[in-house]
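Encoded as structure tokens, the structure appears first; notes follow it.
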Amino acid sequence: MMNSDSTATTIPIDLLRKYDRPGPRYTSYPTAPIWSEDVGGDRYAEALKKASAVADVPLSLYCHIPFCRKRCFYCGCNTCIVKGDTSVDAYTEELCKEIVWTAERLQPRRKVRQLHFGGGTPTYVGVERLGQILDCMEQSFEFDETCERSMEIDPRLTTPEQLEFLAQRGFNRISLGVQDFDPDVQVSIGRIQPHEQVTTVLGHCRRLGFKGINFDLIYGLPLQTVGSFSRTLERVIELRPDRLAVYSFAFLPTVKAHQSKIDQGDLPTTEVKYQLFAKAIEMFTGAGYKQIGMDHFALPDDELSLAQADGRLYRNFMGYSIQAAPEMIGIGMSSIGYVDDGFFQNVSKLKEYGRRIDDSNCAVYRGMKLSDDDLIRQYLITSLMCNFRLDIAPFEERFGIRYNDYFSEERTRLSGFVEDALLEVSSDRLVVTQVGRAFVRNIAMTFDAYLKGDAPGKKATYSRTI
């Protein structure tokens, strides 16, 4: 269903070809590969104590539940396949220990404005264990009345009873992993999920009053063609979820061994992958969706679209949000927190997480305290990624700098984006154009100090920007 009031955004293939290169997704700045393993539990405890001094600043909570029934061939997430309930029961107890330990170091209690469960498949643990985790959270933290509570679900596994439980516990946002509706593509990625199954789960979600319902899609999967993916996009548009995320498939079998089950010969060529991405943008914007970030979309009346129009959009590891909670607590294996201007990440192996929690109730193994320069660049990059603009005067006032002087080198390197009509630069602002939104990662990379050849820290391997 196309919206006659909407204008589709057409992305020139030659620009996709020109700007396709490895680069960060900027869910954080500095990005995770730069962080140091010298940062551990002691530093985290100290940061939590210092953060307690600003009790009026709200929090986000992220809880990682890694379990899945089976591992999809394409998956790049941190997941675990376990047999029986022993590991799940132990992990639930470990999460609760970490929650209590963290909250004890954040006194007085801070208000939680955003809660997100990711995985894995969070509902894998069942409503009883989810209830145990939520009870522990609510006893340890104070939740704001307007708290955004969201959960990722697998339509193949999530039951109506589980959705009813989530609604009763105050969850108001759901994200469904769809990926692709084509049966041949589903077989090739080891995830059989009929269109009717997604439609049924979506209907349950709507009847229960969930808002901001999101579909995750992936382009670049094996056997995808422009024709087959267009049919998937048409079906998605017919279902009309409130939000959409369209991710690029990163084929990294040397990093994710299970991806070796995918026949590399079945993957779309680079040229076809460009066309898939361009088609998604064209069809979704033509159907009335607003582009949120490079690869996210939302209906015009969705809170994300309204927040972006007002310059109020916020972004962290949990995605885009209207809830500006600048500090985040990560709970569970591989989770990431941000407190006292520093990042802290837990270990990513299940047994190691359990051992560390049993030893000290804390599983942090790496992190980074941000410098003044990091904070300046973080703000700028976040502004571009969220709101597609930077207003220079308030930016200068906030950090006590002169933009033209501080970023003299970067200003020169922006000229190519201006020439390609991806960015508009004036004396008072930077504005990413409608076509430029597909390339906002590339524009943001211009301001990333750690991508310079002489930059300190580790050299990272990133997925491609298209």
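Taking the charge dipole of the chain about its Cα centre, with +1 at Lys and Arg Cβ atoms and -1 at Asp and Glu Cβ atoms, the residue from Met445, Gln139, Pro66 reaching farthest to the positive side is Pro66. Gain on full extension, evaluated as 0.36 nm per residue between Asp85 and Val187 minus their Cα-Cα distance, stands at 33.9 nm.
Which of rounded, prolate or oblate describes region 84-127 when judged by the alpha-carbon gyration tensor and an a/c cut-off of 1.5? Here region 84-127 falls in the oblate category.
For Arg110, the residues whose modelled amide H falls within less than 5 Å of its own, excluding neighbours fewer than 5 places apart on the same chain, are Glu142. Contact order, relative form, for the chain: 24 percent (alpha carbon pairs under 8 Å, 6 or more residues apart, mean separation divided by residue count). Kindly flag which residue pairs out of Lys111/Lys369; Lys50/Lys111; Lys49/Lys349 have an alpha-carbon separation exceeding 18 Å in this structure. The answer is Lys111/Lys369; Lys49/Lys349. Under 5 Å from the amide H of Ile213 lie the amide H atoms of Ile174, Asp242, Arg243, each residue being 5 or more positions distant or on a separate chain, with H modelled from the backbone and absent for Pro and chain starts.
When you restrict to C-alpha pairs under 8 Å that are six or more residues apart and normalise by the size of region 255-310, the relative contact order lands at 16 percent.
Only the Cβ atoms of Lys and Arg (+1) and of Asp and Glu (-1) were treated as charged; on that basis the dipole of region 205-273 about its Cα centre amounts to roughly 400 debye. Amide H contacts for Phe67 (H built 1.01 Å from N in the peptide plane; partners 5 or more residues away or on another chain; cut-off under 5 Å): Cys80, Thr121.
The trypsin sites (Lys or Arg not before Pro) of region 361-464 that meet both conditions, a loop assignment by DSSP and at most 16 other Cβ atoms within 10 Å of the site Cβ, are Arg402, Lys452, Lys458, Lys459. Each stretch of four or more DSSP H residues adds -39500 (n - 2.57); spread over every residue of the chain, this sum gives -11000 deg cm²/dmol at 222 nm. When +1 charges are put on Lys and Arg Cβ atoms and -1 charges on Asp and Glu Cβ atoms, the dipole computed for the chain relative to its Cα centre reaches about 740 debye. Inverting the pair-averaged 1/r between distinct Cα atoms of the chain gives 23.0 Å as its Kirkwood hydrodynamic radius.
How big is the gap, in Å, between the Cα center of region 382-399 and the Cα center of region 332-349? Spelled out, the Cα-based centre of one part sits 26 Å from the other. If the chain linking Glu196 and Leu208 were pulled fully straight, counting 0.36 nm for each residue of separation and taking away their Cα-Cα distance, it would gain 2.5 nm. The protection proxy used here, the mean number of other Cβ atoms lying within 10 Å of each residue, ranks peptides 275-286, 102-113 as follows, highest first: 275-286, 102-113. Straight-distance candidates among the lysines for linking to Lys273, with alpha-carbon spacing under 24 Å and chain neighbours fewer than 8 residues away dropped: Lys18, Lys256, Lys261, Lys290. Relative contact order, percent, of region 372-453 when contacts are C-alpha pairs under 8 Å separated by at least 6 residues? Computed over region 372-453, the figure is 34 percent.
For the peptides 328-341, 300-313, 76-89, residues were scored by their other Cβ atoms within 10 Å and the scores averaged per peptide; the highest-first order is 328-341, 300-313, 76-89. Between region 413-442 and region 130-199, the C-alpha centres lie 36 angstrom from each other.
Between Asp310 and Gln434, full extension at 0.36 nm per residue minus the direct alpha carbon distance yields a gain of 43.0 nm. Taken one residue at a time, the phi angles of region 360-369 give Karplus couplings (6.51, -1.76, 1.60, θ = phi - 60°) of 9, 6, 9, 10, 5, 10, 7, x, 6, 8 Hz. Gly and Pro are set to x.
Readers should treat all values here as calculations from the given coordinates under stated rules, not as data from a laboratory. These numbers were taken from a predicted model, which means no experiment stands behind them. Please note: Cβ atoms are built from the backbone with ideal geometry, for glycine as well, and neighbour counts cover all protein chains shown.
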